[in-house]
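Asks: Before I ask anything, let me first share the structure, which is written out below as structure tokens.
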Amino acid sequence: MSRRAVVIGAGLAGMLAAAALSAAGADEVIVLDRDELPDGPEHRKGLPQGRHAHLLMPGGMSAMEELLPEAGLRARLLTAGAHEISLSSGMLALTPEGWLRRWRRAGPVMLTCSRALLDWVVRETVRQQAPVEIRRAAVIGLTGSAGRVRGVRIAAPGGDTDLDADLVVDASGRGTRVVSWLGGLGLTGVRERAVDSGLVNASRVYRVPEGAERFPLTIVQSNPYVSRPARSAMVMPIEGNRWLVSCGGSRGGEPPADPEGFLRYALALPDPIVGRLISGAEPLTDVHLSRSTSNVRRYLEELPRWPERFVVLGDALATFNPAYGHGMSVAAFGARVLSRELGHGGGLGAPGLARRVVRGAARSADAAWSMAVSQDVLYPEVRGGRPTAGDRVLTAYTRRMMRAATGSYAAASAIWDVTSLSAPPARMFRPGAVLAAVAGSALPPLAGAPMTEGERGVLRALDRTGV
């Protein structure tokens, strides 16, 4: 008897889930998406954050490679133009506590490219590795009962149609209607929480100037500790010899969409380095704005009853402020949970499988959720939360650790491991990390960005601002 799995959403979470289902022996894996998917690395409507900076953290890359073990995914991305960036030596990063040093020791490595390229490479890799069918369709509901989902209902011009499945995965992203779909089955009372700092992202693509091809990824982080709106900017290398430049500002500090205002915004940050870099670079696009940035958590794992054969992954379960660069990795973690649970045997219809996956995916999202929300609640005019006494204690410790990290490799290493999702937050409380936080920085604060002489020459050559 044929075993069919249906995945709602052909984004990162959906395609990785499809890979897991195919590897587990599903005879037919059908991925449904309302968008017409591009044939190459191009932006698509259903991904509102797609034009802005995305970082593929080491933890997320590791999960993707586990899901596609024979595919050589990292090599495919690098061949397509992605860049490897060492967190220890490949960045110029201004934190609220000062500039981070660049250490010669090895550190975690993240990948940078456009989101369109990443999605396209993953989608094509999955299609080459597994018999996955992608169809354009708008899912409007689930079929079945509160005890078991039996398929999905699809909108069609001549009348809605039903598609039966042995397992349904909702990976439809920020726009998911999972709460109303569950309500249609008689399952109500889903607890939801949204924490919205009002962040607006503004991004523009530039041609990398001649001689600046090896200039480090550069970021000026926002400061949540000064009772002012968040303001940040990043210059990130992507494929095609281009820089993707993203500015972000929370409610009251939003970046503008006009080119002159975009440059002024970058120059007005605590350090004008991003503005100085782009002032002499050739823009290739207009400035694109996005406001779909709130943190949203649906506590589906808390429902007293959960239907068999229905799984929820990725942004449909938890979405994050994209400023922290964790959404893609968390999507991969959820698909890995699905893969591991399927690997325990019993097939798509194993009793309790769906509930175990939802609970496991929720646990895998908890660390990223805590990091994002604990920062966002500190900004003025945030909606959906205020810092608790526990948040303030944790914030004080995190600030001390970050201050130490400006001149302590041990402290910096702990922060890299946690923020790159290579280790759980408990890594910050191991004896070595605590000692590093207590001891503080062994070196004086840096007066400016830790650039080489060659990098300073590049910056001077590009600077058209006179700052």
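Derivation of every value follows stated rules applied to the coordinates shown; laboratory data play no part. Model, not experiment: these values are computed from the prediction. Reconstructed Cβ throughout: ideal geometry from the backbone, glycine too, with neighbour counts over all protein chains shown.
Asks: Find, among the GluC sites (Glu not before Pro) in region 161-248, those assigned to loop by DSSP (not H, G, I, E, B) with at most 12 other beta-carbon atoms within 10 angstrom.
Replies: Values: sites: E192, E210, E213, E239; in loops: E210, E213, E239.
Those that pass, being in a loop and sparsely packed, are E210, E213.
Asks: Can you match Kirkwood radius over Cα pairs in Å to one of these, (i) 22.4; (ii) 26.4; (iii) 23.0, based on a calculation from the structure here?
Replies: Computing Kirkwood radius over Cα pairs in Å and matching it to (i) 22.4; (ii) 26.4; (iii) 23.0 gives (iii).
Asks: Could you tell me which of A281, A257, P270 has its Cα farthest along the dipole of region 254-293 towards the positive end, charges placed at Cβ (Lys, Arg +1; Asp, Glu -1), taken about the Cα centre?
Replies: P270
Asks: Percent antiparallel among DSSP beta bridges with both residues in the chain, to the nearest 5? Could you put the intermediate results ahead of the total?
Replies: Values: 49 of 71 bridges.
Rounded to the nearest five, the antiparallel share is 70 percent.
Asks: Do you know the relative contact order of region 337-437, to the nearest whole percent, from alpha carbon pairs under 8 angstrom that are 6+ apart?
Replies: Taking the mean separation of contacting Cα pairs over the length of region 337-437, I get 17 percent.
Asks: Hey, another quick one. Per residue of region 224-235, in order, report the coupling 6.51 cos²θ - 1.76 cosθ + 1.60 (Karplus, θ = phi - 60°) as ³J(HN,Hα) in whole Hz, putting x for Gly and Pro.
Replies: x, 9, 10, 6, 10, x, 5, 9, 8, 7, 9, 10
Asks: Hey, another quick one. What is the dipole size for region 164-239, taken about its Cα centre, with +1 at each Lys and Arg Cβ and -1 at each Asp and Glu Cβ, in debye to the nearest 20?
Replies: 500 debye
Asks: Take every Cα pair under 8 Å in region 120-165 that's 6+ residues apart, average their separations, divide by the length, and report that relative contact order as a whole percent. Before the final figure, lay out each step's value.
Replies: Values: 49 pairs, mean separation 11.0, N = 46.
This gives 24 percent for region 120-165.
Asks: State, to one decimal in nm, how far the label point of A156 lies from the label point of D366, with both points 7 Å from Cα in the Cβ direction.
Replies: 4.3 nm
Asks: Filter the GluC sites (Glu not before Pro) in region 373-467 to those in DSSP coil with at most 12 other Cβ atoms within 10 Å of their Cβ, and list the result. If you can, show how the numbers build up before the last one.
Replies: Details: sites: E381, E453, E455; in loops: E381.
Loop-located and lightly packed - E381.
Asks: Kindly write out, for region 292-309 in residue order, the coupling ³J(HN,Hα) from the Karplus curve 6.51 cos²θ - 1.76 cosθ + 1.60 (θ = phi - 60°), rounded to whole Hz, with x marking Gly and Pro.
Replies: Per-residue couplings from phi come out as 8, 9, 6, 7, 9, 10, 10, 8, 5, 5, 8, 4, x, 10, 9, x, 4, 6 Hz.
Asks: Under 5 Å between amide hydrogens, which residues at least 5 positions from W99 or on another chain qualify, with H placed 1.01 Å from N in the peptide plane?
Replies: L446
Asks: I'd like the Karplus ³J(HN,Hα) series for region 238-251: coefficients 6.51, -1.76, 1.60, θ = phi - 60°, whole numbers in Hz, and an x wherever there's a Gly or Pro.
Replies: Values per residue, Gly and Pro as x: 10, 4, x, 6, 10, 10, 9, 10, 10, 10, x, x, 7, 3 Hz.
Asks: Place +1 on the Cβ of every Lys and Arg and -1 on the Cβ of every Asp and Glu in region 262-412, take the dipole about the Cα centre, and give the residue among V311, G352, M328 whose Cα lies farthest towards its positive end.
Replies: G352
Asks: Additional query: Taking amide H positions as placed in the peptide plane 1.01 Å from N, state which residues far from L92 in sequence (5 or more) or on other chains have amide H under 5 Å from it.
Replies: Distant-sequence amide H within range of L92: L217, T218, I219.
Asks: Among A372, A361, A442, pick out the residue whose Cα is farthest towards the positive end of the charge dipole of region 326-467, where Lys and Arg carry +1 and Asp and Glu carry -1 on C-beta, about the Cα centre.
Replies: Positive-end residue among those listed: A361.
Asks: Let me ask another. Hey, got the dipole for the chain? About the Cα centre, +1 on K and R Cβ, -1 on D and E Cβ, debye to the nearest 20? Provide the component values of the computation, followed by the final result.
Replies: Values: 55 positive and 44 negative charges, 241 e Å.
With only Lys, Arg, Asp and Glu charged at Cβ, the dipole is about 1160 debye.
Asks: Compute and list, largest first, the equivalent-ellipsoid semi-axes of region 186-333 from the alpha carbon gyration tensor, each √(5λ) rounded to a whole angstrom. Provide the component values of the computation, followed by the final result.
Replies: Numbers: eigenvalues 256, 66, 29 Å².
Equivalent ellipsoid of region 186-333: 36, 18, 12 Å, largest first.
Asks: Tell me, what is the percent relative contact order of the chain, built from C-alpha pairs under 8 Å that lie six or more residues apart?
Replies: Numbers: 1040 pairs, mean separation 95.5, N = 467.
Normalised by residue count, the contact order of the chain is 20 percent.
Asks: Which longest run of the chain has no exposed loop site in it, a site being trypsin sites (Lys or Arg not before Pro) in a DSSP loop with at most 15 other beta carbons within 10 Å, and the site itself not part of the run?
Replies: Working: sites that count: K45, R104, R105, R191, R214, R291, R305, R464.
With a cap of 15 other Cβ atoms within 10 Å, the longest stretch comes to 306-463.
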